[in-house]
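The block underneath contains the structure these notes are about, expressed in structure tokens.
Read-outs: derived from the displayed coordinates by stated rules, not from any lab. Computed from a predicted model, the values in this text were never measured in an experiment. Glycine also receives a Cβ, built like all others from the backbone with ideal geometry; neighbour counts cover every protein chain displayed.
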Amino acid sequence: MKQVGSLRYGVIFKKAFSHPEIFTSFVRDVLGIELEISSVETEKSFSPTVGPIDSRFDLFAEDVKNRVIVDIQHQRLKDHYDKFLHYLYRRGSDLRRQAQDRCGGD
């Protein structure tokens, strides 16, 4: 019988789900969402930060075509809500920048 590592450990969890095919299959099976991604980032953070939130994400994948971001956490932490706000503010900032680019305004 093959021995496998427990997903309770962060390193094994990240290694198992950092492959795009495994990540997308998991998301499809659990959430019913089809993702088009080319990579999964581990220990993702954004620089510069959006506001005072400096979050790190265990596993992060962004489907640019379908405008979907998926963050899989090994365990729920106290900053879960802050991470949600980070996504919301980041998306608002991106939309504003795109509108400015199209309209040529400030």
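Mean-square fluctuation check for the chain, GNM, Cα pairs under 10 Å: which of V64, V30, V40 is largest?
Greatest mean-square fluctuation among the candidates belongs to V30.
Among S25, S45, S93, which one moves the most in a GNM of the chain with springs linking Cα atoms closer than 10 Å?
S93
Just how many pairs of Lys in the chain have C-alpha atoms closer than 24 Å, counting pairs that are eight or more places apart or on different chains?
12
Which entry in (i) 22, 16, 11; (ii) 19, 16, 13; (iii) 30, 17, 11 matches semi-axes √(5λ) of the Cα gyration tensor in Å derived from the coordinates of this structure?
(iii)
Along Cα→Cβ, 7 Å out, is where each label goes; now give me the distance between the ones at Q100 and K83 in nm to one decimal.
Using points 7 Å along Cα→Cβ, the separation is 2.9 nm.
Pull out the extension gain between I69 and Q3, defined as 0.36 nm times the separation in residues minus the alpha carbon to alpha carbon distance; nm, one decimal.
20.5 nm
If you take the beta carbon distance between S47 and I22 as r and set R0 to 35 Å, what does 1/(1 + (r/R0)^6) give as a FRET efficiency, to the nearest 0.05?
The calculated FRET efficiency here is 0.80.
Please turn the phi angles of region 60-68 into ³J(HN,Hα) values with the Karplus equation 6.51 cos²θ - 1.76 cosθ + 1.60 (θ = phi - 60°), one per residue in order, whole Hz, x for glycine and proline.
Computed from phi, the couplings for region 60-68 are 9, 9, 10, 9, 5, 4, 9, 6, 10 Hz.
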